[in-house]
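Participant: Please read through the structure below; I'll follow up with questions.
Please treat every number below as a calculation from the coordinates, not as lab data. It should be emphasised that the depicted structure is a prediction, and the values quoted were computed from it without experimental measurement. Note that we place each Cβ from the backbone using ideal geometry, even for glycine, and neighbour counts take in every protein chain shown.
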Amino acid sequence: MEKKPFNRQFIMQVLKGRWMVVVVCLYILAFAGGPYVFGIYSEAIKAELQYDEETIDTLSFFKDLGNNVGIVSGLLNEILPPWIVLGVGSCMNLFGFVMMWMAVTHRIARPPLWQMYLYMTVGSNSMSFFNTGVVVTCVKNFPESRGEVLGLVKGIIGLSTAILTQIYHALYAQNTEGMILLLGWLPSLVTFICMFVVRPTKPVEDKKEGKHFFSFLYLALFLAAFLMLIIIVENQVRLTSISYKIIGVIILLLVGLNVVIAIRAERGSDACEEENEKELKDQGFKTCSKKQAVVHNDETSLQSSIQPPMKSGQGGRESVEEKEAMTPAEESKGEGEPASIAKSNGNPSFSISAYKLEDPNEDSKWIRTVKHFYKSWPQRGEDFSIPHAMLSLDMWIVFVVATCGIGATLTAIDNVGQIGASLGYSAVSISTCVSLISIWNFLGRVGSGYISEMLLRRYRFPRTLLLMVVVGLSCAGHLILAFPMRGALYTASVIEGLSFGAQWPILFAVISELFGLKHYATLYNVAPLAAPLGSYLLKVRVAGFLYDREAAVQAEAAAGGKAVALQHWMVSGRVGGGSKREVVCVGPSCFRLTFLIMTLVSALGTIIAGWLVLRTRKFYRQPTSSSAPITSSSDDKAKEFV
């Protein structure tokens, strides 16, 4: 079959096609991972504005709040095109991070805490607008490949942290304030250029759809391998400024190569459409032949069963006379409408229609509404309304699992800078750990998306069971940080990044399968609400509080002339403060109790995820659970409601 020539018509087809939508979505998300590099620039904010650890953790909580509260962006996406949602996110990103950069570099007066919290919330909330505009559009454009779509687009967000880190080294060297400025202008610029291409398109049946998504995956894996190589080289050799610039150019070229896959996919889509049309024509010809044969047989059998005809005009006169003899009430009754009740005293004007009678025991309006709401409860896999989904026990279980799993891993990821400093790691080593988290976050996202889809299609392996496994995996990372050994932070970074990343595509896929796609733009943003809740409880109230308490104990012991028992080979530095009087804690005891608590929380989330597995095991056994609703009895609806 001949390929289409690369002319103007084909270029317009590519630009308007759904594969180009995927490409520009990857471009937007490749530079939108600003909230996940908080571990790099948090130390600059702490030192320049003289914050203690609890204040930094509170600032991190507002980062998570803005990053994950996407109800507004979801509601906007219900009524507005995606490019407007992305445009709003672009403006919010620019405002929030640029204002923080001006505060840290003292270009404006030191803002009060509430203003810094506001800047961080607004800047990070742009991420929810980027996510909603991109993810919801891609899932609706490719409903039969939602696992691959979610794994790919959510995975590239995880990889964006490493991409931004290398571009930051190329443009601003080791100036951490420059990272805040980079997060302000680069994601906003890329989004503004690409947002007009993002739009919903009509899903098309394409047999090679999965193959094209694997092409995107292979390119992303190659980019991840290149970034991993750069991380290893950085820890062995001191790279020059020119080297970082060359690395930055190579990364941009690898990201840009996604457009080549889109062009190949469009050519393949044309060939697939021609094959589908040919198959439809062949099927239509066969169906038409069968119908003609059936009609011919029906006509033959009908003629043989016809009764002898009546005398001319007899049937017509009888039917007219009968119709004239019928009263209007009898006529309406014969047509199936309610007849009038018997007349009183022979007075034909005194009649009441049966449907006007009122039952004195009839329920009030709100009771009927509640009964109708309950009786219309959708089955798993159907399109839930927003109230139905919010009252579903399945949704609350998903929310609690996300609070435990994502809240605990997010606490570890955002505190990697403070953990590394307390254990004596250098700034380069901490930056390496941040990049490791980014790469394994990416691998967890794409791996869970693609693997869960493959296991579901081939073996009916429930996504909820895979969710339980990845939440349980984070317990190992927490225990490593609670009892650190040599190189513990590197190992924990891999486990925490993998577990954190793997949870997101599974959560979003489970929500789309259990509650449908009709209101997915809003329901998609329910699970991320658990992240700021878990972040506040675990990061601010647990990690920040325990860190400052331990730092105060060490400072008091140092001031009293007592030796502080650090009990760790890696600790270096001065106990009790630095050059700008920031609160500093050193030693493994700074986060030990914190991560023991994280381990218990993650174990609780694993148990609750197991409950969800038991509730949905029948649903995932159905051969159409990922694309169509299953049938269930009224008892099943009642169980789901309870």
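Participant: Assigning unit charges at the beta carbon (Lys, Arg +1; Asp, Glu -1) and nothing else, what dipole magnitude in debye, to the nearest 20, does the stretch 142-244 show about its Cα centre? Write out the running numbers ahead of the final one.
Facilitator: On the way: 8 positive and 7 negative charges, 35 e Å.
The calculated dipole for the stretch 142-244 is roughly 160 debye.
Participant: In this model, which of K63/K539; K140/K211; K211/K518 are farther than 22 Å apart at the alpha-carbon? If you can, show how the numbers build up before the last one.
Facilitator: Values: K63/K539 12 Å; K140/K211 19 Å; K211/K518 27 Å.
Pairs exceeding the cut-off: K211/K518.
Participant: Label R621 and Y374 with points 7 Å out from Cα along Cα→Cβ: what is the distance between them in nm?
Facilitator: Label-label distance for R621 and Y374, simple model: 2.8 nm.
Participant: Using alpha carbons only, how many angstrom separate the centre of the stretch 373-403 from the centre of the stretch 455-530?
Facilitator: 20
Participant: Which of C433, Q418, C475 sits farthest toward the positive end of the charge dipole of the stretch 410-488, with +1 on the Cβ of Lys and Arg and -1 on the Cβ of Asp and Glu?
Facilitator: C475
Participant: While we're here: Could you please report the charge total around T176, scoring K, R as +1 and D, E as -1 over all other residues with beta-carbon less than 10 angstrom from its beta-carbon? Walk me through the intermediate numbers first.
Facilitator: Numbers: positive: none; negative: E43, E48, E177.
Net local charge, T176 excluded: -3.
Participant: Can I ask one more? Using a 10 Å cut-off on Cβ atoms, rank the peptides 432-442, 191-201 from the highest mean neighbour count down. Don't jump to the answer; show the numbers that get you there.
Facilitator: Numbers: 432-442: 26.3, 191-201: 18.4.
Top of the packing list down: 432-442, 191-201.
Participant: Over the stretch 80-133, what relative contact order in percent results from Cα pairs under 8 Å that are six or more residues apart?
Facilitator: Working: 52 pairs, mean separation 30.4, N = 54.
RCO, the stretch 80-133: 56 percent.
Participant: Follow-up. Can you bin every Cα-Cα distance in the stretch 1-108 into 5 Å intervals starting at zero and give me the percent of pairs per bin, rounded to whole numbers?
Facilitator: It works out to 2, 8, 14, 18, 15, 11, 9, 8, 6, 4, 3, 2, 1, 0, in whole percents.
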